[in-house]
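Student: Before anything else, here's the structure in question.
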Amino acid sequence: MGSEENKAVVRAFSEAVWRQRDLTAIDRYVSERYRDPEIPGTDPRAGLKRFFAQYFAARPDFRLTSEDLIAEGDRVVQVLTGEFTNTEAQRGPLGARMAMAEINIFTLADGQLVSRFGIGRSGVVTSSSLG
C-alpha cells in the first residue's frame, strides 16, 4: 500500500476507536502481530481493547483531534491533541480540565497497523495555556 492508503487506515482507526469508541474496530485495523511498548501481553488486540476500555472509563468526556498525518512508505506519523475532565487523583485536581498531546509513529503492512511508538504529555488546562 502507498502512503495515502496508509494514512487512510490510520485516519479510519482513529475515527472508529478514538471518536466512535468502537473497540471491535481494533480487529479490523490492528494486525495480530502488532507491537506497542505500552501494551503488554501476548495478545495485542486484547491488550488494546483493555487499554481503550480503561482509558474511556476514566475519561468519559474525552475528545480527540487528529492535527496532522504525515506518511512515507509504510510509516505514518500522527499528531493528536485531546481534552477531558480529570477523574484520576494522581493526574491532578479532580474535575480539572486536562489537555493531552501525542505523536505516534505507526508502521503498517497489508492495510493494518503492525507497530506503534508514541510520545505524549498531558496536563491541567489553565487560562495561560489557552493563549
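Student: If I fit a long axis through the Cα atoms of helix 3-13 and take the longest principal axis of the Cα atoms of the chain, what angle between them do I get, 0 to 90°, rounded to 10?
Tutor: Computed tilt is about 50 degrees.
Student: Ignoring everything except DSSP H segments at least 4 long, calculate the 222 nm mean residue ellipticity for the chain; use -39,500 (n - 2.57) per segment, divide by total residues, nearest 500.
Tutor: Computed mean residue ellipticity for the chain: -7000 deg cm²/dmol.
Student: Which is the longest run of the chain containing none of the GluC sites (Glu not before Pro) found in DSSP loop states (not H, G, I, E, B) with at most 15 other C-beta atoms within 10 Å?
Tutor: 39-87
Any read-out appearing in this document is the output of simple, stated calculations on the displayed coordinates, not a laboratory observation. What you see is a predicted model, and the numbers here were worked out from it, not measured in a lab. Virtual Cβ from ideal backbone geometry, glycine too; neighbours counted across all protein chains shown.
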